[in-house]
Amino acid sequence: MDLRYASPTAIGKAARCLHTWYLECFGDRAKKRPPDAGTELLIRRGEENELRRVATLKDVARPQWNKSDWAMGVSATLDLMRAGCPWIYQGVLQHGRYRGLPDLLQCVDGSSSLGAFTYRPVDIKNHATVSVKDRFQLMAYAHLLEPVLGSRPTEGAIWLSTDALEAVDLPAYEKDFQDLLGQMDQVLQGKLVPAAYRCTECRGCPWIDDCRATWEATRHVSLLAGVSASVSRKLCQAGLSSWKDLVAAGEAGVARVVGAGKEAAARDIWLHAMAWETGKPQTRRPARFPSDLPIHFYDIETFNGSVYLHGDVRLHRDSREERQFFADDPADERRVWHEFLDWLARDRDALVYCWASYEVGFARSLWERHGGNPDGWKHLARSLRDQKEFVKEHFALPVTTYSIKEVAPAFGFHWTAVDAGGLNSESWYGDWLARRDPALKAKILRYNLDDVLAMEVIDRELRPLGVPS
């Protein structure tokens, strides 16, 4: 990032986590994660989705510039605005130490220094509701438009994934916006070092390794699953900044900080602190593990909405079997689905575990589209269980989230691929379709099997803590 300038994207991120701006200013660049295959896939899909939506508009213009000469881009954008173009895609704006590329500039009724019309910024998003981050990005674009229009736009809009173009009243956020810009300037000048708290911005943040190293070194409460940024801040302000502090304070001490009427939440925080302190699961409530019927651990891999791989481990008494059903082409989705249902149908009764609810929706969709063995489908329709929710309900673990990629390592299990991840596997499959590299196929199969083995390990390690069924 060129720190001579602050972009609306950086401002939006700082609205959620000011520490990200501090790291952009002063962080060790070697600790910043480069995008992996899954992240790059998400970026490509976002760009493709953006282009598809822009293609539905009429009279869209795009400034022509060489992507490095910002003055050239600003001039080309201004020419389009002076001409009153209805829509300007990826306009180029710069003013003072701020610059950015709004997804769209929409010509609307009103008046400005350009004539009897004005412009409002529009951002294209892949979520269904307007976020704080969205509002601050629009505010930044409005400020960049002010010197061009002669006055600041009072309205922006977010083009949501629902296809709604939701208007945002910008003056309502002006004070908060100015306060944020002031804080960002203080950070840049070295006058403010904001604390790092785990928040929703951490997901996908390239600086997460830096923050996590700090939290681990200080045994920070941000490492505890279920503890939000606001609760972390409240605990730290009360002198309970580490899980050791929480353990020492006891349930009652945590409850006094969390607040009246939140005793259950305080107990949950304390149990997670105990889990981190002891390195062992803590029982939230008694758990019953079924043992009198076949148990399947099930995981799928998807590509562009199709299911190309089903992985399964079946346990029953002293027997254990692994099976995978791989589609050499997405068009083989029906075949591998039918093979998987036939595999399940061998059991009259069975319990099928998946991690989280991802498989549930896909299984229902596959059945509606392709049908198959009704006995196999019966096990999914009646007996598909969310193992993650079962674990969360009954145990507090020394983890930061209940992602399987965190829970399984807590029991000593690790994935073969260092870049293991669902989005990465989808990217690998796309590469495999293009190149048919056997090593890529082997990597995909191993990743899927590791996901299933992880569920098996979690079940095996937690069973001794359960009560007889």
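The values are calculated or read from the model by the stated rules, or taken from the named source; none is laboratory data. Predicted model only: the values in this text are computed from it and were never measured. So basically every Cβ, Gly included, is an ideal-geometry build from the backbone, and we count neighbours across all protein chains shown.
Evaluate the following for E359: is it at pLDDT 95 or above, within 30 Å of L41 (Cα to Cα) and in a helix (DSSP H, G or I)?
Details: at pLDDT 95 or above: no; within 30 Å of L41 (Cα to Cα): yes; in a helix (DSSP H, G or I): yes.
For E359, the condition - at pLDDT 95 or above, within 30 Å of L41 (Cα to Cα) and in a helix (DSSP H, G or I) - is not met.
The rows are residues; the columns are (1) within 26 Å of G422 (Cα to Cα); (2) among the basic types (K, R); (3) touching a strand residue (DSSP E or B) at 6+ places or on another chain (Cβ under 8 Å).
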| site | (1), (2), (3) |
| --- | --- |
| Y22 | no, no, no |
| E48 | yes, no, no |
| Q64 | no, no, no |
| K67 | no, yes, no |
| T77 | no, no, yes |
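Determine whether R52 is part of a loop (DSSP other than H, G, I, E, B) and either modelled with pLDDT under 95 or at negative phi (or both).
Details: part of a loop (DSSP other than H, G, I, E, B): no; either modelled with pLDDT under 95 or at negative phi (or both): yes.
Against the criterion (part of a loop (DSSP other than H, G, I, E, B) and either modelled with pLDDT under 95 or at negative phi (or both)), R52 does not qualify.
Just need a number here: residues in the stretch 362-392 that are modelled with pLDDT of 95 or more, surrounded by fewer than 17 Cβ atoms within 10 Å (Cβ to Cβ), assigned to a helix (DSSP H, G or I) and among the small types (G, A, S).
Of the residues in the stretch 362-392, 1 are modelled with pLDDT of 95 or more, surrounded by fewer than 17 Cβ atoms within 10 Å (Cβ to Cβ), assigned to a helix (DSSP H, G or I) and among the small types (G, A, S).
Please go through the stretch 40-90 and pick out each residue that is basic (K, R) and surrounded by 12 or more Cβ atoms within 10 Å (Cβ to Cβ).
Within the stretch 40-90, the subset basic (K, R) is 44-45, 52-53, 58, 62, 67, 82.
Those that are basic (K, R) and surrounded by 12 or more Cβ atoms within 10 Å (Cβ to Cβ): R44, R45, R53, R62, R82.
Would you check if S228 is touching a helix residue (DSSP H, G or I) at 6+ places or on another chain (Cβ under 8 Å) and either among the polar types (S, T, N, Q) or farther than 20 Å from L397 by Cβ (or both)? Quick ask: steps written out before the conclusion?
Values: touching a helix residue (DSSP H, G or I) at 6+ places or on another chain (Cβ under 8 Å): no; either among the polar types (S, T, N, Q) or farther than 20 Å from L397 by Cβ (or both): yes.
It is false that S228 is touching a helix residue (DSSP H, G or I) at 6+ places or on another chain (Cβ under 8 Å) and either among the polar types (S, T, N, Q) or farther than 20 Å from L397 by Cβ (or both).
How about the stretch 109-203: which strands (runs of 3 or more DSSP E) wholly inside it have at least 2 residues that are touching a residue at least 40 places away in the same chain (Cβ under 8 Å)? Don't jump to the end; show me each part of the working.
Numbers: elements: 118-124, 155-159, 165-169.
In the stretch 109-203, the matching strands (runs of 3 or more DSSP E) lie at 118-124, 155-159.
Here is a yes/no grid of residues against (1) under 30 Å from N448 (Cβ atoms); (2) assigned to a strand (DSSP E or B):
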site	(1), (2)
C236	no, no
V247	no, no
A265	no, no
M274	no, no
V313	yes, yes
R320	yes, yes
R323	yes, yes
D332	yes, no
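Name every residue in the stretch 307-348 that is of a type in the set (S, T, Y) and crowded, with 18+ Cβ neighbours inside 10 Å, in order of residue number.
Of the stretch 307-348, the ones of a type in the set (S, T, Y) are 308, 319.
Hit for the stretch 307-348 is Y308, nothing else.
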